[in-house]
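Heads up, the thing below is written out as structure tokens.
The values are calculated or read from the model by the stated rules, or taken from the named source; none is laboratory data. Please read these numbers as outputs of a predicted model, since none were measured by experiment. Neighbour counts run over all protein chains shown; Cβ positions are idealised from the backbone, glycine included. Ligands, DNA and RNA are excluded from the accessible area calculation, which covers all protein heavy atoms including side chains. Shrake-Rupley method; radii C 1.70, N 1.55, O 1.52, S 1.80 Å.
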Amino acid sequence: MADRPPKDNVFRAYLRLTGRQRIGVGIGLMCTSLLGLWITDRVEQQLLQQQAQEQEAMVMAGGRDEGVGLSEADRDLLARNLVTRGTSTDRVRLEERARKE
């Protein structure tokens, strides 16, 4: 039976790297993380903008009850806040104001 080499884990392999190589690995991982955050932020921004445009078109067309009872200024505020992620709380606030009037 042949002797098998001991199983090595990633941490031990990392520790065997020289200092300069460890710095390179760390910087590479940080760059990858930052790139991932940047890409997901851009994708999320595009999806929210597309969703806001669709929602605004529905509100202006009267296709949903979200725009019923709202003034033109409130509809503009609602459409603007959909882009800036203030959707749920602002919508509730505007609908409550419309019900009170």
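Residues that are among the charged types (D, E, K, R), under 28 Å from the mean Cα position of the chain (by Cα), at pLDDT 75 or above and open to solvent by 80 Å² or more (accessible area, probe 1.4 Å) do not occur anywhere in segment 14-34. Among the residues of this structure, residue 84 does not count as one that is out of contact with any Asp or Glu (no Cβ under 7 Å at 6 or more places or on another chain), open to solvent by 70 Å² or more (accessible area, probe 1.4 Å), at pLDDT 90 or above and hydroxyl-bearing (Ser, Thr, Tyr).
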